[in-house]
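Colleague: Pasting a structure below so you can have a look.
The values are calculated or read from the model by the stated rules, or taken from the named source; none is laboratory data. All figures in this text were calculated on a predicted structure; none of them were measured in a lab. Because the Cβ atoms are built from the backbone with ideal geometry, glycine has one as well, and the counts that use them run over all protein chains shown. Each accessible area value is taken on the protein alone, full model and side chains, heavy atoms only, with ligands, DNA and RNA left out. Shrake-Rupley method; radii C 1.70, N 1.55, O 1.52, S 1.80 Å.
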Number of protein chains: 2
Amino acid sequence: MTVRRSAEGRPDRALALLWRNHRPLAVKAKGRRPSLDVDEVVATGIRLADSDGLTAASMGGVAKELGVGTMTLYTYVPSKDELLELMVDQVLGERELPGPDQRPAGWRAQVALYADETRAMFRRHPWLSQVSPIRPPVGPGMLAGREYLLAVMSTLALSPRDINIAAVTVTSYVDSAASLAAESALIERTTGQSHDAWWTDRSELWETYFDVERHPAMTAVWNAGGFDAGPVDVAAESYQYGLERLLDGIEAKAGPAMT
Amino acid sequence: MTVRRSAEGRPDRALALLWRNHRPLAVKAKGRRPSLDVDEVVATGIRLADSDGLTAASMGGVAKELGVGTMTLYTYVPSKDELLELMVDQVLGERELPGPDQRPAGWRAQVALYADETRAMFRRHPWLSQVSPIRPPVGPGMLAGREYLLAVMSTLALSPRDINIAAVTVTSYVDSAASLAAESALIERTTGQSHDAWWTDRSELWETYFDVERHPAMTAVWNAGGFDAGPVDVAAESYQYGLERLLDGIEAKAGPAMT
DNA sequence: ATCAATTCTCGTAGGGTATACGAGAATTGA
DNA sequence: TCAATTCTCGTATACCCTACGAGAATTGAT
């Protein structure tokens, strides 16, 4: 399931935090000196979530890790939700998506690069799979991803609106698949149980409950060996297969790339 | 974000609960009479989650609704996680996926039926979008969905393994998209803020932070009207577009349907 | 040197979650 | 009548976020 981020009251404050490195901010001279800064808080949250799961990145957990009182964090971030947004945009920005001059040749290779970077990001930060992708942080990291994919789809012979539609479609597909893969790995890690072991634990299903007559198609595929282990696991193969089919379909509809 | 269901200790007990209506169970005569049954508990959890969100379906919330003490529920379900699994399989089974003799003609129409039923299910039960689809409940509702899609893909000229791969691919695509759409609607409902209003709240992004030079593709699409409101919203259009392209790709690779 | 203004620090308190434990109540068959 | 069985549920523990407000640190002005 996904963590819900509630509506933050002050979008301008949220934007200022997300874009905090955009312009060098004026130095403030008055008052007690801060012992931390926002980057430190965000980095600590990410580190804890990476190693011990999203629940470890609680306000209390981050504060303890930094050696300060819990409430001290509220000087730097307005709320837990906001901290999570900052963590997400930070890791979104870690993807190395090259500018116009350094991209690989061919739009499919460019899509593949986006997919690889995104999947690597989810692998490094599996807790991302527990954060809702709806209303994402509107920060530099998110915008860089959209810029890249819009640029890629712009090389196809599509109308401006269809460029946007295609970009959203590919992003959704890749991000969803990467999220599911990361979540799967995360569950294997936290439960210490592989997917195969999980299924084996449920073998009683077939012996006791499964009704062959109610499930003729499944039975036929089973008898024909369709569920046997393949060279790679089904999820990975399904992801590749689906992405290739999706790009085939887009290309067929659009005509060849322009560059 | 997604709710994590932890590893349940006793898969056999979990299976027995999921398949509780498979065979009429033997009557037990001894001991105090139960005041509830599992179906009542599950139905109450679903009703509360539908109307007040997944957090309302807490053990305390369900117990209060049923007029019993919180701990009484543990007589009927072993844990909160298990209750959630039962709720999920229950609503998965609500989809009306017709048997071999009552299916529409043509595999694409059959896929569309699955997609429509699944989207309607998510619309009725938006909290489903907050439950992880990894390691789903292995119950009658989940199996009925897989049976249906395997039957559909079996009509294409695919190898047994590719039937499975294609079925998994289509399921993942449709379920993910339906989940995102439901989550989006849920957020609009709980925050009372439309997506347009959410973006308007962040218009400062464009005025203050957005750098045209760093985002040439986005700027070009913007100037060409690619982000202007269309007849339907982008998410819905992207979903339809992507599904059609995916089915195009599958069909092109497989050859025509056999029936 | 003093003091007001400003800013950061963080303890306490309150309201939420799941569930282990164990005592007590209800029911049946012997 | 009583032992065995099963259901009921209050209490206690251990987490979570954050509103509030008192106190500490630092600066610039006087």
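Colleague: To the nearest 500 deg cm²/dmol, what mean residue ellipticity at 222 nm is calculated for chain B from DSSP H runs of n ≥ 4 alone, each contributing -39,500 (n - 2.57), summed and divided by the residues? Could the numbers behind the result be given before it?
Modeller: On the way: 10 runs with 145 residues, N = 259.
After summing the helix terms and dividing by the residues of chain B, the value is -18000 deg cm²/dmol.
Colleague: Between the range B:29-53 and the range B:153-184, what's the alpha-carbon centroid distance in Å?
Modeller: 33
Colleague: Same structure again: Would you list, by chain and number, the aspartates and glutamates whose Cα falls below 17 Å from the Cα of A:Lys64, excluding same-chain residues fewer than 8 positions away?
Modeller: Within the straight-line cut-off, A:Lys64 pairs with A:Asp37, A:Asp39, A:Glu40, A:Asp50, A:Asp52.
Colleague: Using a 1.4 Å probe and counting only protein heavy atoms, arrange A:His22, B:His195 so the residue with the most accessible area comes first.
Modeller: Values: A:His22 70, B:His195 50 Å².
From most accessible down to least: A:His22, B:His195.
Colleague: Can you list the distances in nanometres, one decimal and ascending, from the A:Ser159 label point to the identical position in each other copy, with the point 7 Å along Cα to Cβ?
Modeller: Listed shortest first, these distances are 4.1 nm.
Colleague: If contacts are Cα pairs under 8 angstrom and at least 6 residues apart, what is the relative contact order of the range A:10-161 in percent?
Modeller: On the way: 115 pairs, mean separation 41.6, N = 152.
Relative contact order comes out at 27 percent.
Colleague: Taking B:Leu36 in one copy and the same position in all the others, each labelled 7 Å out along Cα→Cβ, what are the pairwise distances from the first, in nm, shortest first?
Modeller: Counterpart label points of B:Leu36 in the remaining copies fall at 4.1 nm.
Colleague: Now a separate question. Just name one of B:Ala236, B:Val38, B:Gly141: the one whose Cα is farthest towards the positive end of the charge dipole of the protein assembly as shown (beta-carbon charges, Lys/Arg +1, Asp/Glu -1).
Modeller: Selected residue: B:Val38.
Colleague: Also, I was wondering about something else. What figure, in Å² to the nearest 10, do you get for the accessible area of A:Asp233 with a 1.4 Å probe and non-protein molecules left out?
Modeller: About 90 Å², rounded to the nearest 10.
Colleague: If you don't mind, another one. At a Cα cut-off below 17 Å, give the aspartates and glutamates reachable from A:Lys253, other chains included and same-chain residues fewer than 8 away excluded.
Modeller: Correct list for A:Lys253: A:Asp162, A:Glu244, B:Glu237, B:Glu244, B:Asp248, B:Glu251.
Colleague: Restricting things to Cα coordinates, could you compute the convex hull volume per residue of chain A in Å³?
Modeller: Numbers: hull volume 49.3 nm³, N = 259.
So the per-residue Cα hull volume is 190 Å³.
Colleague: Additional query: Under a GNM of chain B (C-alpha, springs under 10 Å), which listed residue has the highest mean-square fluctuation: B:Val232, B:Val68, B:Val131?
Modeller: Comparing B:Val232, B:Val68, B:Val131 in a Gaussian network model of chain B, the most mobile one is B:Val232.
Colleague: Could you state the number of Å between the C-alpha centres of the range A:115-137 and the range B:56-99?
Modeller: Measuring centre to centre over Cα atoms gives 30 Å.
Colleague: On to the next question. Treating only the Cβ atoms of Lys and Arg (+1) and Asp and Glu (-1) as charged, compute the dipole magnitude of the range B:81-151 about its Cα centre; round to the nearest 20 debye. Present the calculation step by step, with values, prior to reporting the outcome.
Modeller: On the way: 8 positive and 10 negative charges, 70 e Å.
Charge dipole, the range B:81-151, about its Cα centre: 340 debye, nearest 20.
Colleague: Considering every residue in A:233-242, what mean count of other chain Cβ atoms within 10 Å of its Cβ is obtained? List each step's numbers first, then the result.
Modeller: On the way: counts 0, 6, 5, 0, 6, 10, 4, 2, 9, 11.
What the average comes to for A:233-242 is 5.
Colleague: Related question: What is the packing order of peptides B:152-163, A:208-219, taking the mean over residues of other C-beta atoms within 10 Å and listing the highest first? If you can, show how the numbers build up before the last one.
Modeller: Numbers: B:152-163: 19.8, A:208-219: 15.2.
In decreasing order of mean packing, B:152-163, A:208-219 become B:152-163, A:208-219.
Colleague: Let me ask something else about it. Could you work out the relative contact order of chain B, using alpha carbon pairs under 8 angstrom and six or more residues apart, expressed as a whole percent?
Modeller: Details: 198 pairs, mean separation 53.2, N = 259.
Relative contact order of chain B: 21 percent.
Colleague: Work out the length of the dipole vector of the protein assembly as shown about its Cα centre, built from +1 on the beta-carbon of each Lys and Arg and -1 on the beta-carbon of each Asp and Glu, and round it to the nearest 20 debye. Mind dumping the intermediate values first?
Modeller: Working: 54 positive and 68 negative charges, 260 e Å.
Dipole about the Cα centre, nearest 20: 1240 debye.
Colleague: Taking only Cα atoms and a 10 Å spring cutoff, compute GNM fluctuations for chain B and point out the largest among B:Trp107, B:Trp127, B:Trp222.
Modeller: Of B:Trp107, B:Trp127, B:Trp222, the most mobile in the Gaussian network model is B:Trp222.
Colleague: Copy-to-copy spacing for B:Val68, label 7 Å out on the Cα-to-C-beta vector, in nm, shortest first?
Modeller: In ascending order, 4.9 nm.
Colleague: When chain B is treated as a GNM, springs tying every alpha-carbon pair under 10 Å, which of B:Met71, B:Met142, B:Met59 comes out with the largest mean-square fluctuation?
Modeller: Of the options given, B:Met71 has the highest mean-square fluctuation.
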